[in-house]
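Q: Dropping the structure in here first, questions after.
The values are calculated or read from the model by the stated rules, or taken from the named source; none is laboratory data. These figures come from a predicted structure and were not determined experimentally. Here the Cβ is made from the backbone with ideal geometry for all residues, glycine too, and neighbour counts use every protein chain on show. Please note that ligands, DNA and RNA were not included when accessible areas were found on the heavy atoms of the full protein model with its side chains. Shrake-Rupley method; radii C 1.70, N 1.55, O 1.52, S 1.80 Å.
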Amino acid sequence: MDAAVKEAAVSRFLREYPQMERAACDHPALLGCTDVDWLQIPGCPAGIPVLLRSLLDEAAGPAALPVLENVVMNSVFHLSAVMPAVLPFLIRLAAVPGIAVRPDLVGLLVLAADLSLPVNADDERQVMMFGNDCDHPEREWCRAAFAAHASDLRALLEEGTLPDGLISVDDRECLLGAVEPQRCPS
């Protein structure tokens, strides 16, 4: 999905939910969101702060999530350059109890952790599917974002924080692995 298509999807969302543009952005999970220079990120639509804010809204959240997912993904196997900047907010939003899209946010975090793993350059199949790491710096940027927000992610994954059944044992391990420095092959 190219940048113009992503921008059009965000514009459609904003037309359908114009009240979200005027909504306050003072939730602790979004602290610093307005400080990010979103337009300097390649392929990043202007409305990212509104999409993130909309995830907290019971009515707009389910409509905002697929738009955000399209923005942070370039394809099924590739993260966009926007994902590393969005990760801190996704981690904190996933910790907010009661938001309608919480299970999907946790799933998106697991996907980001999984797709940010380094690719074994000696494995032809992996390289064909995911590309070389040198061609996809967003993977390393995501690993850095997970590491920078390790305490928030670990707090989210503490026993009893997430409702039973919201995350599998494998997905929990994947997310915990995202904050471990030894996850890169030597």
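Q: Among the residues that make up segment 71-79, is at least one of them assigned to a loop (DSSP other than H, G, I, E, B) and either touching a Lys or Arg at 6+ places or on another chain (Cβ under 8 Å) or closer than 20 Å to L162 by Cβ (or both)?
A: No, segment 71-79 has no match at all.
Q: Is there a residue being of a type outside the set (D, E) and under 30 Å from T161 (Cβ atoms) anywhere in segment 121-130?
A: No: segment 121-130 contains no residue that is of a type outside the set (D, E) and under 30 Å from T161 (Cβ atoms).
Q: In segment 30-67, which residue that is free of Cβ contacts under 8 Å to residues at least 24 places away in the same chain and either in a helix (DSSP H, G or I) or in contact with a strand residue (DSSP E or B) (Cβ under 7 Å, 6 or more places away or on another chain) (or both) is nearest to E138 (Cα to Cα)?
A: Q40
Q: Quick one: is R139 assigned to a helix (DSSP H, G or I) and open to solvent by 70 Å² or more (accessible area, probe 1.4 Å)?
A: For R139, the condition - assigned to a helix (DSSP H, G or I) and open to solvent by 70 Å² or more (accessible area, probe 1.4 Å) - is not met.
Q: Within segment 84-117, work out how many residues are over 10 Å from the mean Cα position of the chain (by Cα) and surrounded by fewer than 18 Cβ atoms within 10 Å (Cβ to Cβ).
A: The number of residues fulfilling the criteria is 6.
Q: Still on this structure: Quick test for you: out of A85, A64, A81, pick the one residue that is of a type in the set (G, A, S) and either modelled with pLDDT under 90 or farther than 18 Å from F146 by Cα (or both).
A: A64
Q: Of the residues in segment 8-51, how many are among the acidic types (D, E) and touching a helix residue (DSSP H, G or I) at 6+ places or on another chain (Cβ under 8 Å)?
A: Qualifying residue count for the region: 2.
Q: Please tell me if N120 is in a strand (DSSP E or B) and open to solvent by 30 Å² or more (accessible area, probe 1.4 Å).
A: no
Q: Among the residues of segment 119-138, is any in contact with a helix residue (DSSP H, G or I) (Cβ under 7 Å, 6 or more places away or on another chain), modelled with pLDDT under 90 and under 16 Å from A29 (Cα atoms)?
A: No, segment 119-138 contains no residue that is in contact with a helix residue (DSSP H, G or I) (Cβ under 7 Å, 6 or more places away or on another chain), modelled with pLDDT under 90 and under 16 Å from A29 (Cα atoms).
Q: With (1) of a type outside the set (K, R); (2) modelled with pLDDT under 85; (3) more than 30 Å from A4 (Cβ to Cβ) as the list, and D152 as the residue in question, which single condition is left unmet?
A: Result: D152 fails condition (2) only.
Q: What are the pairs with Cβ atoms under 7 angstrom where one residue, in segment 82-109, is in contact (Cβ under 8 Å) with a residue 12 or more places away in the chain and under 20 Å from D37 (Cα atoms) and the other, located anywhere, is of a type in the set (D, E, K, R) and open to solvent by 10 Å² or more (accessible area, probe 1.4 Å)? Sequence gap at least six, or different chains.
A: M83/E138; P84/E138; I91/D152; R92/D152
Q: Can you tell me how many residues in segment 142-183 are among the β-branched types (V, I, T), open to solvent by 70 Å² or more (accessible area, probe 1.4 Å) and assigned to a loop (DSSP other than H, G, I, E, B)?
A: Selection size over segment 142-183: 0.
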